[in-house]
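Asker: Below is one structure. I have some questions about it.
The values are calculated or read from the model by the stated rules, or taken from the named source; none is laboratory data. Quantities reported herein were computed from a predicted structural model and do not represent experimental measurements. Here the Cβ positions follow ideal geometry from the backbone for every residue, glycine too, while neighbour counts run over all protein chains shown. Only protein heavy atoms, including side chains, enter the accessible area calculation; ligands, DNA and RNA are left aside. Shrake-Rupley method; radii C 1.70, N 1.55, O 1.52, S 1.80 Å.
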Amino acid sequence: IAQHEIEVLQLNEDRNILNFELSPNPSNDGHFNIQAQFDQAAESRLNIYNLKGQLLKTVVFDAANFIDYQDDLLNNGLYLIELQTRKTKVTKQLIVEMMP
């Protein structure tokens with residue numbers, strides 16, 4: 001006789017990114033802010049890609065419940081901002097439209 005214990009989780013219940021804010025969007029000067037909150041301390045990685053899918057930058061954060069990050073992108077365009085932990089990956093689009 002064998003016995004197995006199975007835990008059934010609701011869809012997305014194991015996600016630990018509670019909030020991921022990207023502002024301003026669109027950015028009219030290339031400057032943007034990212035704030036993220038986790039349900040528990042988590043190491044996280046922020047990847048910034050251009051529209052061609054080329055990785056422009058990676059920032060690694062130590063285990064924390066909250067991150068507050070600021071950066072600049074110097075060219076007009078559409079960028080993909082990806083925040084990832086061991087459990088979750090969330091991607092948002094950032095539009096940069098520099099004003100003349």
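Asker: Please name all residue pairs, on different chains or six or more residues apart, with Cβ atoms under 8 Å, provided the first residue is in the stretch 61-73 and is over 22 Å from Tyr49 (Cα atoms) and the second residue is open to solvent by 30 Å² or more (accessible area, probe 1.4 Å).
Answerer: Ala63/Ala41; Ala63/Glu43; Ala64/Ala41; Asn65/Gln37; Asn65/Gln40; Asn65/Ala41; Phe66/Gln35; Phe66/Gln37
Asker: Any residue in the stretch 19-30 that's in contact (Cβ under 8 Å) with a residue 12 or more places away in the chain: show its pairings with residues that are assigned to a loop (DSSP other than H, G, I, E, B) and open to solvent by less than 50 Å² (accessible area, probe 1.4 Å) at Cβ separation under 7 Å, as long as the two are six or more apart or on different chains.
Answerer: Pairs that qualify, where the first residue is in contact (Cβ under 8 Å) with a residue 12 or more places away in the chain and the partner is assigned to a loop (DSSP other than H, G, I, E, B) and open to solvent by less than 50 Å² (accessible area, probe 1.4 Å), are Gly30/Leu73.
Asker: Looking at the stretch 40-66 only, could you name the residues that are farther than 26 Å from Met98 by Cβ, of a type outside the set (Ser, Thr, Tyr) and surrounded by 14 or more Cβ atoms within 10 Å (Cβ to Cβ)?
Answerer: Of the stretch 40-66, the ones farther than 26 Å from Met98 by Cβ are 40-45, 60-66.
Now restrict to residues that are of a type outside the set (Ser, Thr, Tyr): 40-43, 45, 60-66.
Hits for the stretch 40-66 are Ala42, Arg45, Phe61, Ala64.
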